[in-house]
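First comes the structure, then the notes that go with it.
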Amino acid sequence: MSDDRLPRVAVLISGRGSNLQALIDAVARGSLKARLALVVSNKANAAGLARAREAGVETIVISPHDYPERAAFDRALVEALQLHRIELVCLAGFMRLLGREFCEAFPNRVLNIHPSLLPAFPGVDAQRLALEHGVKVSGATVHFVTPELDAGPIVQQVAVTVREDDTVSSLAARILDVEHVIYPAAVQRILHEPWRIEGRRVSFAAPRTS
Ligand code: GRF
């Protein structure tokens, strides 16, 4: 598939951008057939911006401070994404809740990666909360984004065993390794395999005919 016929993907970040890097690397390897057309950060100093520039991906910063209310910030995001003809939006450590208007502009076209086995431990500090709760298994989840925090239909999950000697950072590091594998794989499937959502269930199997 020539580069300009590949599905156009945007990645939204707020910080480090290691999941963005995993997506960049998967595209470079050819295991993710997509064109990373835009990286948007809500923070000018996000380290992930440099990763995008290094890979030749266009970047923009849209700061909530420039918009009086959340809806206006969301609209600015939507405009930028539409201007770049984005077909799929991947949140990768994007620390802003997106409103209904945003989600409606990209119905079932926004994915997120979260460092726990949702619906357990949504929101920030998921790895610490999992450890403190004493769960024996945590993991990573790729899900569709809805206006409720970390609550959309689940696309893919992989479990990570919690070890007796784990600290927050050792557990987070093992979960992050898994994130870097499942996010590009899930994006590839959503872009190139048939899938459907029934209720909350995302399924990749072809619909039953009988
Ligand atoms: C990851 O743990 C991701 O699951 C969560 O935020 C973190 C972002 O890390 N949503 P990075 O910026 O991709 O390195």
For this session: Using only the alpha carbons, work out the radius of gyration and Dmax of the chain in angstrom.
Result: 16.9, 55
Seminar exercise, completed: Bridge orientation stat for the chain from DSSP, antiparallel percent rounded to 5, came to 45 percent
Seminar exercise, completed: If each K or R counts +1 and each D or E counts -1, the residues other than residue 124 whose Cβ falls under 14 Å of its Cβ total -1
For this session: Could you tally the net charge around residue 100, taking each other residue with its Cβ under 13 Å from the Cβ of residue 100, Lys/Arg +1 and Asp/Glu -1?
Result: -2
Problem set entry | Unit charges at the beta carbon, dipole of region 2-132: most positive-side option, 34, 68, 45 | 34
Problem set entry | Sequence of 192, 143, 114 once ranked by neighbouring C-beta atoms within 10 Å, starting from the fewest | 192, 114, 143
Exercise. For region 102-163, rounded, prolate or oblate, judged on the Cα gyration tensor with a ≥ b ≥ c (square roots of eigenvalues), a/c < 1.5 rounded, else prolate if a/b > b/c?
Worked result: prolate
For this session: Mind checking which of 121, 94, 181 is farthest towards the positive end of region 63-210's charge dipole, using Cβ charges of +1 (Lys, Arg) and -1 (Asp, Glu) about the Cα centre?
Result: 181
For this session: Would you work out the relative contact order for region 110-177, in percent, from Cα pairs under 8 angstrom that are 6 or more residues apart?
Result: 35 percent
Exercise. Can you pull out the GluC sites (Glu not before Pro) in region 120-210 that DSSP calls coil and that have at most 11 other Cβ atoms within 10 Å?
Worked result: 148, 164
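Taken together, the values in this text are just the output of simple stated rules run on the coordinates, not laboratory data. Please read these numbers as outputs of a predicted model, since none were measured by experiment. No Cβ is skipped: glycine too gets one built from the backbone with ideal geometry, and neighbour counts run over all protein chains shown.
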